[in-house]
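The values are calculated or read from the model by the stated rules, or taken from the named source; none is laboratory data. Everything numeric in this text was worked out from a predicted model, so none of it was measured. Every residue, glycine among them, receives a Cβ derived from its backbone with ideal geometry; neighbour counts consider all protein chains shown. Note: accessible area is taken over every heavy atom of the protein model, side chains too, but ligands, DNA and RNA are not part of it. Shrake-Rupley method; radii C 1.70, N 1.55, O 1.52, S 1.80 Å.
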Amino acid sequence: MKIICIGRNYADHIAELHNEVPTAPVIFLKPETALLQRGQPFFIPEFSKSIHHELELVLRVCKNGRHIEEPFAHTYFDAIGLGIDFTARDLQSELRTKGLPWELAKAFDGSAPISPTFKPVADFADLANINFHLEVNGETRQTGNSGLMLHPFAKIISFVSKYISLKQGDLIFTGTPAGVAAVKMGDQLTGYLEGEKLLELAVK
Ligand code: MG
């Protein structure tokens, strides 16, 4: 399986990092080794002094496909969960300055914790109005709604599948809203999907 991630998909997050609004989705990948086992803590790696949390809605791909047209995109994912796209921001800035790819800053071990459970798509009344938020030590830090995505789910799936075939079991991280910040040892991260606690993670 692979993890496909969308960057710069919320205007408020683009503004906080002073990035340009992209016309097409910005895409990068994380390997399977980025996943964290259920209940495992996240250990801050020694190569970064600034690991940022990015809470994101994550789609679970349920069938193989390529060149998927937008009207059929919704049939290619069957569940939505939460994930954290951990980012070594200091390393990413360095790579961006040099015009280099982001993998070292985005794809390292443990950089993609996901919620142990995903909610079936059928449980959502409106896919364009899904609320999610992240608490750090009980304090709300990030609040998002899928209606604010620059590129909605169908667009993402259609765009990605023109270049990269989707396979059953793949995960798609759909971008983070504003509020990203560095984590520190001892932090407790809690992600909520439509008010339901879905993801709990200790930072060590
Ligand atoms: Mg992200």
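Please get the size of the charge dipole for the range 51-204, origin at its Cα centre, with Cβ charges of +1 on Lys and Arg and -1 on Asp and Glu, quoted in debye to the nearest 20.
Here the size comes out at about 440 debye.
How much mean residue ellipticity at 222 nm does the chain get from its helices, if each DSSP H run of length 4 or more adds -39500 (n - 2.57) and you divide by all residues, to the nearest 500 deg cm²/dmol?
-4000 deg cm²/dmol
Keeping all protein chains in the complex and leaving out DNA, RNA and ligands, what accessible area do you get for D85 with a 1.4 Å probe, in Å² to the nearest 10?
0
Most mobile of E54, E139, E46 per a Gaussian network model of the chain (Cα springs, under 10 Å)?
The residue with the greatest mean-square fluctuation here is E46.
Among F108, F86, F47, determine the one that fluctuates most according to a GNM of the chain built with springs between C-alpha atoms less than 10 Å apart.
It is F47.
If I model a spin label at A11 and K184 as a point 7 Å from the Cα along the Cα→Cβ vector, what separation in nanometres do I get?
Between A11 and K184, the label points sit 3.4 nm apart.
Restricting things to Cα coordinates, could you compute the convex hull volume per residue of the chain in Å³? Spell out each step's value before the answer.
On the way: hull volume 22.1 nm³, N = 204.
Cα-based convex hull of the chain, divided per residue, equals 108 Å³.
Place +1 on the Cβ of every Lys and Arg and -1 on the Cβ of every Asp and Glu in the chain, take the dipole about the Cα centre, and give the residue among P101, G81, S146 whose Cα lies farthest towards its positive end.
The residue sitting most towards the positive pole is P101.
Report relative contact order for the chain in percent, whole number only (criteria: Cα-Cα under 8 Å, sequence separation at least 6).
34 percent.
Leaving out ligands and nucleic acids, note down the accessible area per residue over the chain with a 1.4 angstrom probe, in whole Å². Before the final figure, lay out the partial values.
Working: 9570 Å² over 204 residues.
It amounts to 47 Å² per residue over the chain.
Give the separation of the Cα centroids, the range 168-188 to the range 2-45, in Å.
7
Assuming 0.36 nm per residue, please report the length gained on full extension of the stretch T117 to E200 beyond their Cα-Cα distance.
Details: separation 83, 0.36 × 83 = 29.88 nm, distance 1.14 nm.
Result for the pair: 28.7 nm of gain on full extension.
Suppose R0 equals 30 Å. What FRET efficiency, 1/(1 + (r/R0)^6) with r the Cβ-Cβ distance, do I164 and E46 give to the nearest 0.05? Mind showing how you got there, number by number?
Values: r = 32 Å, r/R0 = 1.05.
After rounding to 0.05, the efficiency reads 0.40.
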